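Right, one structure below, let's go through it.
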Amino acid sequence: MLSLLRHSRSGLVPRRLFSTTSRMASNTPVEDAVREKITTAFSPSNLIIRNDSHLHAHHAPMRGSTSKETHFHITITSEAFKSKMQPARHRMVYALLKEEMDREGGIHALQLRTRTPEEEQREKERKAQA
């Protein structure tokens, strides 16, 4: 089941669901594009995208930037990562988001957590035992 929660400063909140026929412009176009691409390419069982841009707005490279979507933490759980090492998984995601990373005012930093459903399950079991 795809997670319909997103992180905000106040914790987990329900994801806004936008109609593709909506005439309103999204307030999060980069995040929306990232979510669409990852969902299409990897069919994740769990996808969490956290926009951390506000934590980095004071950094020198971000001064003068009008984008509020430059830094993301993304957790992806997908069968597509099975039998692949972390560097290969990350290369898959970077290749997928190349356009968003190359664009002026696009993604400046990307923190990835990629895992298979089995790895996610083992992690849940370890936490339950702790």
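Where a number appears in this text, it was derived from the coordinates with a stated rule and is not lab data. All values derive from a computational prediction rather than experimental measurement. Reconstructed Cβ throughout: ideal geometry from the backbone, glycine too, with neighbour counts over all protein chains shown.
For this structure, a couple of remarks:
- The alpha-carbon of Lys82 sits under 15 angstrom from the alpha-carbons of these aspartates and glutamates, leaving out residues fewer than 8 places away in its chain: Glu118, Glu119, Glu120.
- ³J(HN,Hα) computed for each position of the stretch 121-130 - Karplus, 6.51 cos²θ - 1.76 cosθ + 1.60, integer Hz, glycine/proline x: 5, 4, 5, 4, 5, 4, 5, 5, 7, 6
- Under the combined filter of DSSP loop state and at most 11 neighbouring Cβ atoms within 10 Å, the stretch 82-130 retains these GluC sites (Glu not before Pro): Glu104.
- Available extension along the chain between Met85 and Glu119 is 11.0 nm, counting 0.36 nm per residue and deducting the alpha carbon span.
- Net charge contributed by nearby residues that have their C-beta within less than 9 Å of His73 (K/R +1, D/E -1): +1
- Long-range amide H partners of Ile107 with built H, under 5 Å: Met101
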